[in-house]
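The numbers here are math on the coordinates, done by the rules we state, and not lab data. Quick caveat: nothing in here was measured; it's all calculated off a predicted structure. For neighbour counting, all protein chains shown are included, and Cβ atoms are generated from backbone atoms with ideal geometry for every residue, glycine included.
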Amino acid sequence: MMPRLSLFFRLIVRPMLRERARSLLIVFAVALGVAVVLAIDLAGDAAAGSFQSSLQSLAGDNNLEVTADGGVPQSIVGDLARLPWPIRVTPRIEDHATVAATGETIPLIGIDFIAQANNPDETQLTPSGDTAIFDDINNPDAIWTIRSLGDRVGGTVTLIINDRKHNYTVRGFLPLSAHVSGDVAVMDIDAAQQATGKAGRVDRILLKVPDQPSFASWQQKLRSVLPAGVQLLPQGSETEANRRMLAAFRWNLRILSYIALLVGAFLIYNTISVSVVRRRAEIGIVRALGAGRRAVLLAFLAEAAVFGVVGSLIALPLGRLLASGAVRVLSTTVNALYVSSRPGTLALSPSSVLLAIVAGVGVAVVSALAPAREAALVPPTDAMARGRREYTVRVERRRDSFLALVLAIAAAFACRLPPVGGKPLFGYLAALLLVAASALAIPATVTVLMPLLSAALRKLLGVEALLAARSLAGSLRRTSVLVGTLSTAIALMTSVGIMVGSFRQTVVTWMERQLPADLYVGPAGEPGGDRYPTIQPELAGRIATLPGVAAVSRFRAYHMEYEGLPATLASVNVGPSELREGTEFLSGDPPSVVLRQLAAGNNAIVSEPFANKHHVHTGDVLTLPMGERAVSFRVIGIFYDYGDEAGTILLARSTMLRYLPDQAASSLAVYLAPGADLETVRTEIRNTIAGSEVLLFSNLEIRRLAIRTFDQTFAITYALEAVAILVAVLGIAGALLSIVIDRRREFGLLRFLGADRFQIRRIILVEAGLIGILANIAGLALGYLLSLILVYVINKQSFGWTIQFHWPVSVLVAALSGVYLATVLAGLYPASIAQRLNPIEVIHEE
């Protein structure tokens, strides 16, 4: 044991301590990569993991729930309560309200307080306060809450519910601080129905059934007495449906966070490779003195493990810090696109610590295996042959190029395979194969490009540039690793940039067609992936009669669940003005033809994400639970849609009202008459909606708002790209520093031959610039191929969107220029070290 520790100290620890700057750069790069993975994991748990929120956590010990699209008729509550079975029936209104003072959206729950009082086992929603519950349950202004929303009994809270603002009086507090993160407002169910406009309906009926007979038997018995249009599901099914929908979102985030780790793996590989090359003589000596191959292998693996352990420990507080910023962005995205959520508590759990250590140490050790094995296998007699490995790389580059071609073909084949469990696993495999193919093709690429670049650089920058180019060409193995590291980061940045830019341009083009109205009216309450506040029907009627208004299109949406996944059930007017809408169908059929058919009967059109998630085709029949009826609709078209990732089923408004006769709209599209002045009509509408909590947007304003939301959604993506590039640039700095240390003798000889310090500095900076140029060329080519996979495979299989390919030229030029500049700047410190070398001391060392 002692000889091994001595070997590790002399062969590994001493050089690490002697070259502190290089070691610190590598440790920080690893720490940053691990911190990103940890931050995304913590922020994802807090943002997406807490979406269960109050609506689900306040469900008590119930084990079944009854739901229906558009709400459950209230008569079913009485039918279930009269059954001669020992079941507990708890009707609920579940909605959201906006706190006027803060703009925060909170859950609004309506319960039957009288029935609740008769159920001693269900005490989560039992208020406690200074007044008796039953004195106020008939008061429509009474609410019960937790103490963070109301500071005292009798205090007033102003809430916006749908398009109405109202003052409510806090009549008591709920003992929920241990169960709910954030605020919640509870009302008696009659008052909640009145406030939300759901007279005669409830959102959910919670059921508690005994353990005997079996749960399946109870489901069968209850199913037999319920109307065909309602669903009987295990309690929490909606939560599980939301989790399944969010799986792709969180999966893609995790994959993006692994980019930094992948780049870090290249850096560890490069670091250990440089260590092996620089210490070949020492390896030969210790092997000649009796050290076994296993001891040498373990020594270099231990070096990688040290980087991994130290980097992981630094990553713990750094990841926690990054998570605090990421959770806000992720929460905004989850709320806007998926489901109501509040950020949970960020805490470093034992599993989080384990994740960081396993990620850091695991990646470090695995990436060091190849160079450590090389160190162990080197014969003592070949140890002094410093150019042997470079010669081997040159000989093997044709073989590696052939393997790169094979991997590229395998990647193309993987792209054609279907998703697994809703996840584009083969798409990610194709991307990984392309990255590996690129790494194998780098030596041949460098061999081809270096003569071209060196000839041009000699004319532009002189002999220093020629020496730098020949030095990189002469150390092909080391150059290939450096170029491969940076080009991989550039490729991932390029591919994600192209994907986001393509998606953004597709959304802009889609909105130009999809939003043809001149003005739009929507509730002031914050909309979200599962929230569709409504507008009073009479308001739409008043707007329609204003001078200059040609037509008002009413859009209504309901949050629903279809085949275990969330979706949106929506309706729209189908009239002469609405036929101007630019809805584009996958079949290429004219919108006017399809929309006329939509109003002709029980027909529906579905969005592309819905069709892809549920494998729906034109001509298929969908059966939807609407009220008390199960209604069948024939799919007559599939339309492009980028506004709802969960997917949408769209009906004609007249068809929807036959089954769900609620006249309220979720939003209004206002079409102006020919020749009408926009600002004049806008002023008239403002006067008409005065006193209602609704917002008025022009066509241009709503587009800008949508694009702002889009950019906020992808902010975390840009941040992850930046971290990956930063990790790569730090690694380049560390590698260049290693090169300087390794080439001390060469620089000393150049100084003896007459080179001054500034020429030495120029050589290092030109080498850094050449690495940047080669990495940009290779990264741009690989990034283009990866972007095709992202656009046409991964996004298509994950979210169901068809994205039109677009080159964001200005963004890419700015990003690649920034990376190149950062690469050159990364050579400044190693160049300063090279300048300070004393040639006499270097020669004496030899």
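Annotations
- Theoretical FRET efficiency, 1/(1+(r/R0)^6), r = Cβ-Cβ of Thr545 and Leu24, R0 56 Å, to 0.05: 0.15
- Peptides 308-321, 814-827, 749-762 ranked from most to least packed, by the mean per-residue count of other Cβ atoms within 10 Å: 308-321, 814-827, 749-762.
- Cα Rg over Rh - the range 531-673, Kirkwood: 0.96
- Sorting the segments 74-83, 619-628, 765-774 by their residues' average number of neighbouring beta-carbon atoms within 10 angstrom, most packed first, yields 765-774, 619-628, 74-83.
- Packing-based order for 406-413, 674-681, using average beta carbon neighbours within 10 Å, highest first: 406-413, 674-681
- Square roots of five times the Cα gyration tensor eigenvalues for the range 393-441, Å: 26, 9, 5
- Net charge, Asp756 excluded, C-beta distance under 11 Å - Lys, Arg +1, Asp, Glu -1: +3
- Multiplying the residue separation of Glu104 and Trp807 by 0.36 nm and removing their Cα-Cα distance gives an extension gain of 249.2 nm.
- At 0.890 mPa s and 25 °C, Stokes diffusion of the range 728-826 via Kirkwood alpha-carbon radius, µm² per second: 151 µm²/s
- 3J(HN,Hα) from dihedral phi, the range 603-609, Karplus parametrisation 6.51/-1.76/1.60, rounded to Hz, x for glycine, proline: 10, 9, 10, 10, 6, 4, x
- Excluding same-chain neighbours fewer than eight residues apart, the lysines reachable from Lys423 by a Cα-Cα span under 29 Å are Lys613, Lys796.
- FRET E, pair Leu452, Ala722, Förster distance 41 Å, beta-carbon r, rounded to 0.05: 0.85
- Full-stretch length increase - Arg658, Phe413 - with 0.36 nm per residue and alpha-carbon distance subtracted: 83.3 nm
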